[in-house]
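*Asks:* Provided herewith is a single structure, encoded as structure tokens, for subsequent inquiry.
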Amino acid sequence: MLGLLAVLAPSCSSSAGRQSHSGSTVGLTVFSPRDRVRLPALAGTTLSGRSLTASSYAAGSPLVVDVWASWCYPCRQELPLLARAARQGVRVLGIDERDSASRALAFADDHGVTYPSLHDPDGRLLGGLRMLPQNGIPSALIVTADGIVVARVVGPLSPDMLHQALRKAAS
């Protein structure tokens, strides 16, 4: 895993955030051990129509849960990074937010995404993830192999943020 992380981000730097209008810090937030929580049950239907749960998909591996949408301009920045990470062995699960499945599938194909994304046309799945801003897209959670949320990213992921968060999830 650490060799993979080196490929994703050869230099690691701390990311200072700024407050968004929703009160969440934009950028990477690494939670202290006392503030970490278990990832809520996350299950639904993928864009391709398959039933999927985060716990079965991750199967004991660290997981990046990424909230995105085809209408989201910053998502264009981060989807290629996540697609590359997934091809290199990082478990990524997308949540396509308030989108049509056909538009989302075309967008994912255009950006080389091969990992699954749960379809969330009404915001129900995002609503169950209280540690994410409900209007902050893109955003992501980084989860340990045993299901504990160690970090959150509000806004597009950078290679450095992903590297730093995955190091926390692996330790």
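*Asks:* Quick check: from the Cα gyration tensor, does the range 48-105 come out rounded (a/c under 1.5), prolate or oblate?
*Replies:* It comes out oblate by the Cα gyration axes.
*Asks:* Now for a separate question. Scan the chain and note any complete DSSP helix (H) whose C-alpha atoms cover at least 15 Å along its axis and whose Kyte-Doolittle average is 0.0 or more.
*Replies:* none
*Asks:* For the range 2-170, build the charge dipole from Cβ charges (+1 Lys, Arg; -1 Asp, Glu) around the Cα centre, then report which of 75, 60, 108 sits farthest towards its positive end.
*Replies:* After comparing all options, I get 60.
*Asks:* Of 139, 48, 158, which is the most mobile in a GNM of the chain whose springs link Cα atoms less than 10 angstrom apart?
*Replies:* Highest fluctuation among the options: 48.
*Asks:* In whole Å, what is the distance between the alpha-carbon centres of the range 78-101 and the range 131-145?
*Replies:* 13
*Asks:* Using the Cα atoms of the chain to build a convex hull, what is its mean projected area in square nanometres?
*Replies:* Its Cα hull, projected and averaged over all orientations, spans 8.9 nm².
*Asks:* Next question. Counting only trypsin sites (Lys or Arg not before Pro) that sit in a DSSP loop (anything but H, G, I, E, B) with at most 10 other Cβ atoms within 10 Å, what is the longest stretch of the chain containing none of them?
*Replies:* 51-129
*Asks:* Quick check: from the Cα gyration tensor, does the range 34-75 come out rounded (a/c under 1.5), prolate or oblate?
*Replies:* Oblate is the answer for the range 34-75, as a/c is 1.5 or above yet b/c matches or exceeds a/b.
*Asks:* Tell me whether the range 50-143 comes out rounded, prolate or oblate; compute the Cα gyration tensor, take square roots of the eigenvalues as a ≥ b ≥ c, and use a/c under 1.5 as the rounded threshold.
*Replies:* rounded
*Asks:* Would you calculate, for the chain, the mean residue ellipticity at 222 nm contributed by helices, counting each DSSP H stretch of 4 or more residues as -39,500 (n - 2.57) and dividing by all residues, to the nearest 500?
*Replies:* The per-residue figure over the chain is -8000 deg cm²/dmol.
*Asks:* Then there's this: Under unit Cβ charges (Lys, Arg +1; Asp, Glu -1), what dipole magnitude, rounded to 20 debye, does the chain have relative to its Cα centre?
*Replies:* 400
*Asks:* Let me ask you something else. Quick check on the exposure proxy: order 120, 66, 110 from fewest to most C-beta atoms within 10 angstrom.
*Replies:* By the 10 Å Cβ count, ascending: 110, 120, 66.
Bear in mind these aren't lab numbers, they're just calculated from the coordinates by the rules spelled out. Bear in mind the structure is a predicted one, so any value in this text is a computation, not a measurement. Note: ideal-geometry Cβ built from the backbone for every residue, glycine included; neighbour counts use all protein chains shown.
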